[in-house]
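Notes follow the structure.
What follows is calculated from the coordinates using simple rules that are stated; it is not laboratory data. As the structure is a prediction and not an experimental result, all values here were calculated from the model. Backbone-built Cβ (ideal geometry, glycine too); neighbour counts: all protein chains shown.
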Amino acid sequence: MPCLKLRVSLLVLTSSLGLSLSHNFARAQPASEKSVTAVSQSQIIVEPSLAALNDDFKKLYRAQTNSVMQDSPLILLVGSDAVTTLLGKTRVVYPVSGPYDEMKSALHSVLGFQGLMTRLAAEPSLNDGVALTDFSKKLGELLTLVPQTAASADLKRQAIEVITQLKEATDQSIMRKTVNQNEVKAVLAKVRPTILSIAQQVGRLSGESLKIALLGIQSKVKPEDWARAIAVIPGPITARLNNLNVAVTASVMGRNLIGERIFYSENIYDEQGMIAFVEMLMRDKKLSTVLFDNPYRMWRDLLADASADYVDQDFVTALAK
């Protein structure tokens, strides 16, 4: 019992000493550290409240969409295989013919080759032949499908040439049970001229088909609707420079309208997403007009005026050429 009492007394003393030291440390804490602690405690309460208010304000802003879109212009959703027009409740799809959809698998086989070979060369432990065999089979299937497409004889010949070279290189890696990165680079360099030739031919044919479709749409709609039309062209998350569909659309609607009524929308692929994109543009244009007396001010960064202190010109952070 005496030992137990002694142990309890020591625990009480230690706790008291700890509390005392903690209290003294708090009193001796520099003013700057105490202010940081106070700010942090304040932020715990204030920041969530500010965030909630901010969300409410944005919801009120988005809620005006229906009234803003009542005066909605003609919307052109420009894809590689079709142009969809939206005007009020009327929706019309205009197919776009061209070889791109048939040839893109051949072009993208190079992406698959480079991606697979780079991964296997970097991780030799993965070289069990399964992935290579599967890829070789896919290339073999592609070789049987390309001749059945409606592409020109020259395009088919070039596509078969590229796929054959990729398959031969893949089969050699299967036999050697290893992937050599230098050989991969050599194969890609070998197919490069043919890939560029295919891309140029496909681009020209696809561009002309799209232009014919857009001119056909222009002839069918009222001139006043065409004069206010907004075109949205979807693209990948990393916006591509010199997008073909943007160029073709601008050749019909007007080059000066890029960024005003012709928009490249990164990472939006479905129709609903593109419509939401247009709704945002229209809301921002409405606010810009009534608040800033400039219909395009909200299409700039909200803090854009301060950017001139660092880069004294308008700019968009596009990918390098």
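Data table
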item: S49, S197 arranged by Cβ crowding within 10 Å, fewest neighbours leading; result: S49, S197
item: Residue exposure sequence - I75, I195 - by fewest surrounding Cβ within 10 Å; result: I195, I75
item: Mean shadow area of the stretch 198-256 over all directions, Cα convex hull, nm²; result: 4.6
item: The stretch 100-203 - Debye-derived log10 I(q)/I(0), Cα point model, q = 0.18, 0.19, 0.24 Å⁻¹; result: -0.81, -0.88, -1.27
item: Per-pair calculated FRET efficiency, R0 = 35 Å: T194 and V130 via Cβ, rounded to 0.05; result: 0.75
item: Calculated P(r) of the stretch 266-321 - Cα pairs past 12 Å, %; result: 73
item: Within a Gaussian network of the chain (alpha carbon springs, distance under 10 Å), most fluctuating of V290, V191, V246; result: V290
item: Sequence of M253, M69 once ranked by neighbouring C-beta atoms within 10 Å, starting from the fewest; result: M69, M253
item: The chain: calculated mean residue ellipticity at 222 nm from DSSP helix runs of at least 4, using -39500 (n - 2.57); result: -21500 deg cm²/dmol
item: Degrees between helix 181-220 axis and first principal axis of the chain (Cα, 0 to 90, nearest 10); result: 80
item: Angle between the chain longest axis and helix 31-62 axis [Cα atoms, degrees, rounded to 10]; result: 40
item: Helix 2-28 vs. the chain, principal-axis angle (Cα, 0 to 90°, nearest 10); result: 70
item: Where Rh is the Kirkwood radius over Cα pairs, Rg/Rh for the chain; result: 1.21
item: The stretch 73-126: projected area of the alpha-carbon convex hull, averaged over directions, in nm²; result: 6.0
